[in-house]
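The values are calculated or read from the model by the stated rules, or taken from the named source; none is laboratory data. Just so it is clear, the structure is predicted and the values come from calculations on it, not from any experiment. Here the Cβ positions follow ideal geometry from the backbone for every residue, glycine too, while neighbour counts run over all protein chains shown.
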Ligand code: NDP
């Protein structure tokens, strides 16, 4: 279905930053981090936003703060050996990038997917620094994962893998040091196995060491829903700034995991008609609107595929294995699967079909040239750093509840999520306007996140 994300990016990559200083910093980053295209892409996107900041604050260059923020504080790679159900031994690779702790303990998810490598984890960790800064909470940036593929593995195999992974990772974690959560391939089941092994190794019931825990053992209400709900709330804020709302909008969503499911649920609650979801095998187009209860049953209970959804849903749903969800006409598009899944061709189709808003539930799902095209066409665009920050913000609320040994209601937690998304939207909007690029949420998010984290770094000395 979708082209290889890496190929799509290489094809369209172009440099040419606005100042010689930024160009030289970027060239040095390319030289020192070879073979990491996703990391290069994430860095370039932030650097492209920084010229106005450097015009106003040239002292940042002397302090080498850009070079510092682009270099992880610590990069951990380790062997993860484990045995499958037939006794065969497998060896995977584990990663944790502890990117920046100026604002708080490293915070960011773990991804288990065969495509995971150092460059992917670095791009995710880098984005996480600015996203976490935007939440206004005391959390630094980090990310981790493994090239392990949980698909088709039994619960016992996933447990043995998680135990081996945590056996090594545990020495780097702690509620005040580094606090992982879930991401692609890591949900409640995996967090449970990881927490159990951490507790066993350390002999500590340290709830704040992982987020996304079960509700009965330190988890937070609304954490499961938070990323998808937050993205839809952010989209609603962007639409409201243009005098519109979600009511009656035709929405396409990609993916069918945690972020996709709760984006669909929230959009429907706000009166939108969501007609698609997808996985790596194809997508579903459901004219009557996605039946989210059925989708949850198939994906969350049965670990099934969207093809199963189409089979069980009846006449309104079609399973499509050619093309992408972006081919379906819509007002709002919410890419919620993986990086670089929405490229220039897809953006052209969306614009031709009259899309009004695109908001990133996934991390960096839109290629740089697609973002440019959408913005130039007047489509309101919500970057993942801002739009999907509701997940990590609610993880920070989970940490807060753990520290106070409290358990908040769903309503209280959701209200905090809503306020956070409104605040992030206002920060991005106001920052973009102040820097002469009104309506450019990419610039607003990058500049506001960058200033918050680098101001903290500067105040803390040469670190
Ligand atoms: P899940 O594992 O729950 O779901 C991932 C979904 O994306 C699945 O439908 C999967 O399909 C699809 N997918 C993954 N990789 C590919 C690929 N290479 N090509 C096509 N489809 C793919 O993950 P999440 O929903 O948690 O995460 C989705 C995105 O949201 C990621 O970018 C993640 O970083 C981001 N995100 C997640 C947060 C969270 O709280 N969970 C917070 C902020 C961002 P298949 O099953 O076929 O692989």
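Summary table below
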quantity	calculated
Condition met for residue 398 (surrounded by fewer than 17 Cβ atoms within 10 Å (Cβ to Cβ), at pLDDT 95 or above and not assigned by TED's automatic domain parsing to the domain that holds residue 104)	no
Strands (runs of 3 or more DSSP E) fully within the range 72-169 counting 2 or more residues that are within 16 Å of the ligand (Cβ to nearest atom) and modelled with pLDDT of 95 or more	89-100, 106-112, 140-146
Verdict on residue 429 being touching a residue at least 40 places away in the same chain (Cβ under 8 Å), surrounded by fewer than 16 Cβ atoms within 10 Å (Cβ to Cβ), in a helix (DSSP H, G or I) and not assigned by TED's automatic domain parsing to the domain that holds residue 134	no
Out of 309, 283, sole residue that is assigned to a strand (DSSP E or B), in contact with a strand residue (DSSP E or B) (Cβ under 8 Å, 6 or more places away or on another chain) and modelled with pLDDT of 95 or more	283
Of residues in the range 356-369 being part of a loop (DSSP other than H, G, I, E, B) and farther than 21 Å from residue 47 by Cα, the one farthest from the ligand (Cβ to nearest atom)	356
Residue that is crowded, with 24+ Cβ neighbours inside 10 Å, more than 16 Å from the chain's Cα centre (by Cα) and not assigned by TED's automatic domain parsing to the domain that holds residue 127, where the choices are 246, 238	238
Subset tally (residues that are without any contact (Cβ under 8 Å) to a residue 60 or more places away in the chain and assigned to a helix (DSSP H, G or I)) for the range 331-355	8
Output for the range 215-262, where each listed residue is assigned to a loop (DSSP other than H, G, I, E, B), more than 14 Å from the ligand (Cβ to nearest atom) and touching a residue at least 12 places away in the same chain (Cβ under 8 Å)	218, 221, 241, 242, 244, 245, 246, 247, 248, 249
Residue 299 surrounded by fewer than 24 Cβ atoms within 10 Å (Cβ to Cβ), over 28 Å from residue 137 (Cα atoms), near the ligand (Cβ under 10 Å from one of its atoms) and under 23 Å from the mean Cα position of the chain (by Cα)	yes
Qualifying residue in the range 182-189 (condition: within 18 Å of residue 383 (Cα to Cα) and within 16 Å of the ligand (Cβ to nearest atom))	yes
Hits in the range 312-330 - residues which are assigned to a helix (DSSP H, G or I) and either surrounded by fewer than 19 Cβ atoms within 10 Å (Cβ to Cβ) or in contact (Cβ under 8 Å) with a residue 40 or more places away in the chain (or both)	312, 325, 326, 327
The range 345-359, residues that are in contact with a strand residue (DSSP E or B) (Cβ under 6 Å, 6 or more places away or on another chain) and over 13 Å from residue 329 (Cβ atoms)	357, 358, 359
Filter result (touching a helix residue (DSSP H, G or I) at 6+ places or on another chain (Cβ under 7 Å) and assigned to a helix (DSSP H, G or I)) within the range 286-306	292, 294, 295, 296, 298, 299
Boolean, residue 277 is within 13 Å of the ligand (Cβ to nearest atom) and either assigned to a loop (DSSP other than H, G, I, E, B) or in contact (Cβ under 8 Å) with a residue 12 or more places away in the chain (or both)	yes
Residue 386 within 13 Å of the chain's Cα centre (by Cα), modelled with pLDDT of 95 or more and within 16 Å of the ligand (Cβ to nearest atom)	yes
